[in-house]
Amino acid sequence: MEIKNYTNKQFNKVKSTRLFILGLMMVTGIVHAQFNKLIDYSGLFRMNGTYNRLGGEALDNDSLSERRSSNAYALFDFGINVSPYKELKVSTIIRSRSVIGASFSQQVGANIMQFRQIRIEGNLGKVIKYQLGDIDVSMTKYTLYNSNESYHDYESDAFVMRRNIVAYENFNIGNNWRMQGGQFESNLLFRKYLDRVKAKALLTRVKKSNLTNIPDRYVLGGSVTVVQSKYVQLGANYISVFDNVGTAVDTAYNYSNRLLTGEYKFTYEMDKLLFNLYGEMGPSYFKYFLKSQRKTEKFNDYFYDLGLSATYKPAKLKLYGGYRNVGPLFSSPTAQTLRLYPYSTPTEVSKIQNASTTRQASIYDRMTQEGLYNQSIYVGLMQYLPIYGNASPYGQATPNRTGLTVGLSHSDSASSLTLDAKVEMLSEVMGEGTNALREFKVYQGGLKLDLAKLASLKKRLGITFGMSNEQTTRSGPAPIDFKTNLIDVGLNYEFINRLEVLLGAKYLQGKGNELLAQRDLFNNITAFNDYIIDSKQTILTAGLRYRFFKDSYVSVQYNSFNNKDVISSNNNYQWSQIWGNLTIKF
Amino acid sequence: MSFLRSILIVTFSLWTYAAMASDSLKLGANNGAKLSNSRIQFVRNAEPDENNSRLGLKINLAKEGEEVPKNAVVSFSGSFRLSADYRVMDKIYAGVAQKALVLNGWVQPYNALRNQNFANPLLYLESNIKPTSKTSISIGYAFNHDFSGENDSLTRAANIWRLLMASAQIETKVGKFKIGTAGASGFPNVLSPLTSGQNTFHFNSFFRLPWDWFKSNNDKVDYFYNNQSVALDPRFSSTSAGVQGAVLECSQLPYGLGANFIVGKINQTTGYLEINDPPSQNLLRTLSKDAYTQTMGARISKMIKKHVIGVNGLLNSGFVNNYTKTLHSTQYFLTTNGTFYYPKMFVNFEAGISEFTTPAPFGQWGKPETFGQGYESGINQMLSLKVGFNKGAVKYPSFFQVYSIGKDVVNQNSSIINTTGTNNTGIMPSYLYEVNVFRSCMLEADQVANNRTGFLFDITREFWKKFKINLAGNYSQEISNEWNMITMQHMANKYQRSQFGFYKTNTGPYGRILNQFIRSYETFKITDKDSSYKKNYYVWDFTMKYKAKLFGKLIVLGSYTSFNSVSDKLWPVPVFTEQAFLRQVYEEINMNYLINPKFNLTAQLGYEKVLGNDRIDITADGKTVNQNGYSAGLGFDWVFSKNAGFYLRQVWFSHKDVNFVKDEFKGWNTLAEIKVFF
């Protein structure tokens, strides 16, 4: 394969110069045009189908609810990547998607051709790395972070496969948010006194004006980290979400939230031990003007999170502990927004009880359905469901939490074992509706054992186990006693070259009572709703996967999901699903 | 936002200062694996296109290891662009937002609807397939993504109705055949100028057009020196609304014959306004018997030595009542045209007729006295004669043109501007988004209109190969006085103004503004009780271009002056006294300074003065229109790679009517754009 190097004599005659245009833009260094590979292509083809059967008490004497359904789609994401010279790259993805069986009048919405992504990235003068367009952004867990929807660190491969599709469809790449705008990063090396300074700045638009009463909303962020040496590291982060009021004729509101945090990390190293002292802290400033109420609400709060860890290097065993205090009015929408709408309607077999009731999205729906997910930043705290995590529903930045965390972890890519165990003893900082405080106890952990590596087998063999136990209690006039248990078990075995059998089981139990806070636009609690459950959700999965090459496979699974609601047998149902998937990625 | 800007500036400054201490940064991960994993295989580079040197690499669809068929190749080419346009107004019309950020749209979508940035593809992708050596197929796609922040599919959709601009070409022993299907604006100039031509409008090189195809600063500056205006891309410009459908072009037939055929559907903003029903942009519907705004046309031509003559026919027809489809309107155009080339000159003529018939009970032009009668226009003439003298053959390259076009010749797909106010349905265009009707419109120097008899001239002289002057004029008189109105195109700040009610008519503080795509018009009423006269329209354009070296670098300076007036008096020179209903002067000075081939510093100054007399709109205290518009812009084109550039424009602009006090706006506008060709 021969790729012609495009060079432009005209450009090559021009020496690289450095242009300084202060006030408009600081631009450094024109790089000689060198054309290595102008264009290449990437792609992902996926065909995905389900066949569903629904049964159980929820459908007793029910002649209207859908008992069987099948859904399928095929899509192709065609990536065109252009690099006119080595310091610039444009990446685009064009999506064609067809819903199998959708035709005629359904075609308009179901079968689409879509511009999934455009991103321009490059280096300015080898100093600033920039990305423009569709970008994935994150900072710290308190500033800009897209937390996982629930604890699922040690799932079966059968579940990971499903979850990866959901993540891809919703741009959940790690804990980044997908936004549109620009981000700039730099990494400056120093000869003396300092090792390096890392810096990042980003500006994105998270809401577009409707020109009449809704203004543009932006996220502006930045961080500077000074690495004095491998022993001392100090940083500062800033992030704000704000409305650009003038972009609407008659603005209905004006919102801004600013957050400034400081970070530190000190390291002390011995022969076999490594100690780290780290932490982050800072205030938040919330301000919201609502024209309809002629009211401006302002409040400030703060958080701190201090940690210490000790690593025994020969065993790669890490013991860590920390104490955090996140104020009840601490506000950080870019870290507290949920990536999933807990109350959204499932897309598969969604009706029960004579089609009169929408089935609440279960743990299986949350794991497998793309349409439940949220990609926008919400400035108010979204409603959550305690059964999927009550101690930290908004991630580490969950407001009104304080307490200790202690954990132990072992992770090594060369090792056959990865394990993690964590205990959190948290409480509220301020009572909600009463002076009494909720207390939260969290026990989480899991392991992943690569038996093939352990036994030097050529074929894949691995098991996973994960668990999470949460207890919420509160005494006083409005007592709360709520518990959840989550257990994950998985096995994968490659019994024929490239062909694996995948087994997985997941069990979630929630029992007790809670009170769900209702909030107004200013995030103030206005009422409480009872949340009383005694339910068990179980997923049993068996499947096959044939891997063509990396990230390309064909798989068939049988999934059995059982929802047991002790309080209301009308919600008891069994859902069987056969899932097939072909994914080719190049 | 000043705070934001400060942060960005300081941040960039710090980085720049510390540049020497930096390490190299690696680009982020690609989307997907390398091609080595795929069955797609590069085989060779694309042949340069006749217009530009495309760099699309051809790929082979054969399986890996198989011999590559020589011609079974696909190539991709196109362009990406990311743009941000930010506007802040100190003063603005009531009902218009003080600030606006338009990402990747370049113009504010009307109604604030999503996916309305149709004229500005963020990604234009053209695939070219050549299954055999004499057959080729090309398909164009346009994609939008307006970065709403909400990540929904509506904001990142393919631009369907500009999609699938496909053409296939085959060469045979009896001739070349090219068949094309297209979205709107796909077929300019398939027939003749008066049946399917395209208008031109004044845009200078400072103006950053969204489809700007120049990869090189040298080329752009050179083009600017040699041409009066930057041309518009008919696919996206909406200057000619075009036809959605199919065309067959046959050339090099025996006996010098040629033939073109077109069938399709007229765009919703063209002659036939569709009422109460969203427009169908679907080719199948075009061909069905239920089509209600269809067009069919044909041209047969004959080459006689170098000369060309042809016969053209075009039929536009449609139902103006979409539901019952009982009211069928038709308009036909039948012309003959030809061009005769001689060593020192050329002669171009077109002569024909057109007739418009509608049973629509809406009345002629919506006038109350004819309400309920329908309308039959009778035969309308379409006449044009143009004589040109070539560069090199004469001292002053020039052309002269006379034309006469009847008032009922309404064809938005042609070069004829519709000034008579009908939109072929017979309905008065009070519809909010009917923006292709310019009642009694003042023209630019090289434009023709219906209901006019006119004379155009254009003379150019170049001195020392570095100083060029051009004088162009357009005198025209109404055939009949249809409207006591005058529509004027604002020349200063037309792009900015067009966003204050984008794609709307009857807007602005006095309901006089009509905004088109990147252009803005204003309509004034004539208050005469006795209007038994014909209005005369005068245009003089005077352009100067000068190129020189400044500090050893090429600089090109330009000046464009336009005098435009309307009067009931017929004079040999533009009426610039109180006897003119409306006088407009526009002066524009622009500069391109090529600091090096990569970096072009560009600037523009503009001033517009509009004066009315006491026979048009007046204020309550008896004062007339007296407008002043200013603009000052600075920017650069930084072509940092052969195929990629960064473009920045900063414009300050203002407009104020001394007497109509609500007619005032002032602000600034920043446009930044990255464009990459491939």
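The values are calculated or read from the model by the stated rules, or taken from the named source; none is laboratory data. Just so it is clear, the structure is predicted and the values come from calculations on it, not from any experiment. Reconstructed Cβ throughout: ideal geometry from the backbone, glycine too, with neighbour counts over all protein chains shown. Side chains are part of the model used for accessible areas, which takes the heavy atoms of the whole protein and leaves out ligands, DNA and RNA. Shrake-Rupley method; radii C 1.70, N 1.55, O 1.52, S 1.80 Å.
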> With each pseudo-label sitting 7 Å past Cα toward Cβ, what's the B:Asn481-A:Ile487 distance in nm, one decimal?
Replying inline: 9.5 nm
> Got a sec to turn the phi values of the range B:518-526 into Karplus ³J(HN,Hα) couplings, 6.51 cos²θ - 1.76 cosθ + 1.60 with θ = phi - 60°, whole Hz, x for Gly and Pro?
Replying inline: 6, 9, 9, 10, 9, 10, 10, 8, 8
> Excluding same-chain residues fewer than 8 positions from B:Lys176, which lysines have a Cα within less than 21 Å of its Cα?
Replying inline: B:Lys130, B:Lys134, B:Lys302, B:Lys305, B:Lys306
> Once label points are set 7 Å from the Cα along Cα→Cβ at both B:Lys173 and A:Phe45, what is their separation, rounded to one decimal in nm?
Replying inline: 4.1 nm
>> Straight-line reach from B:Lys598: which aspartates and glutamates fall under 17 Å, measuring Cα to Cα and dropping same-chain residues less than 8 apart?
In response: A:Glu87, B:Asp212, B:Asp219, B:Asp222, B:Asp637, B:Glu673
> Using modelled amide H (1.01 Å from N, peptide plane; none on Pro or chain starts), what sits under 5 Å from the amide H of B:Ile479, excluding residues fewer than 5 places away?
Replying inline: B:Arg452, B:Thr453
> If A:Arg95, A:Arg519 are ordered by their accessible area, calculated over protein heavy atoms with a 1.4 Å probe, which sequence runs from highest to lowest?
Replying inline: A:Arg519, A:Arg95
> How far apart, in nm, are the 7 Å Cα→Cβ label points at B:Tyr607 and A:Ala478?
Replying inline: 7.1 nm
> For the range A:341-382, what does the alpha-carbon gyration tensor say about shape, rounded, prolate or oblate, given a ≥ b ≥ c as the root eigenvalues, a/c under 1.5 as rounded, and a/b over b/c as prolate?
Replying inline: prolate
> Within the range A:273-288, what residues put their amide N at less than 18 Å from the label point 7 Å along the Cα-to-Cβ vector of A:Ser415?
Replying inline: A:273-276
> Given the Cα-Cα distance of B:Ile589 and B:Lys666 and 0.36 nm per residue of separation, how much length would full extension add, in nm?
Replying inline: 25.7 nm
> Zone of B:Asp614 (label point 7 Å along Cα→Cβ, backbone N under 19 Å): which residues in the range B:634-674?
Replying inline: B:658-660
>> Largest first, please: the extent of the C-alpha atoms of the range A:427-586 along each principal axis, to the nearest Å.
In response: 62, 36, 32
>> Using 0.36 nm times the number of residues separating A:Leu447 and A:Val501, minus their current alpha carbon distance, what extension gain do you get?
In response: 17.5 nm
> Counting pairs on different chains as well as pairs 8 or more places apart, how many Lys pairs in the range B:472-596 have Cα atoms under 27 Å apart?
Replying inline: 14
> In µm²/s, what is D for chain A at 25 °C and 0.890 mPa s, where D = kT/(6 pi eta Rh) by Stokes-Einstein and Rh is the Kirkwood radius from Cα pairs?
Replying inline: 91 µm²/s
> To the nearest 100 Å², how much accessible surface do chains A and B hide from each other in total, with a 1.4 Å probe?
Replying inline: 8500 Å²
>> Give the separation of the Cα centroids, the range A:527-556 to the range B:541-588, in Å.
In response: 72 Å
> Say a site is exposed when it is one of the GluC sites (Glu not before Pro), sits in a DSSP loop, and has at most 15 other Cβ atoms within 10 Å; what is then the longest site-free stretch of chain A?
Replying inline: A:67-586
> For the range A:339-354, list residues with backbone N below 14 Å from a point placed 7 Å from the Cα of A:Asn61 toward its Cβ?
Replying inline: A:353-354
> Which of the lysines could a cross-linker span from A:Lys295 if the Cα-Cα distance has to be under 23 Å and same-chain partners fewer than 8 positions apart are dropped?
Replying inline: A:Lys207, A:Lys287
> Accessible area per residue of the range B:447-600 at 1.4 Å probe, in Å²?
Replying inline: 35 Å²
> Tell me, what HN-Hα J-couplings in whole Hz come from the Karplus equation 6.51 cos²θ - 1.76 cosθ + 1.60 at θ = phi - 60° for each residue of the range A:162-173, using x for Gly and Pro?
Replying inline: 5, 5, 5, 5, 4, 5, 5, 5, 9, 6, 8, 9
> For the range A:298-445, how many pairs of lysine residues have a Cα-Cα distance under 28 Å, where the two are 8 or more positions apart or belong to different chains?
Replying inline: 6
>> Going by Cα centres, the range A:130-209 and the range A:490-508 are how many Å apart?
In response: 30 Å
> Taking amide hydrogens as modeled 1.01 Å from N in the peptide plane, which residues meet the under 5 Å criterion relative to A:Tyr253, leaving out close sequence neighbours?
Replying inline: A:Lys291
>> Per residue of the range B:455-469, what does 6.51 cos²θ - 1.76 cosθ + 1.60 with θ = phi - 60° give for ³J(HN,Hα)? Whole Hz please, x for Gly and Pro, Karplus curve as stated.
In response: 9, 10, 9, 8, 10, 10, 9, 10, 10, 6, 6, 9, 9, 10, 10
> What is the gain in length, in nm to one decimal, between A:Lys126 and A:Tyr231 on full extension, counting 0.36 nm per residue of separation less the C-alpha to C-alpha distance?
Replying inline: 35.1 nm
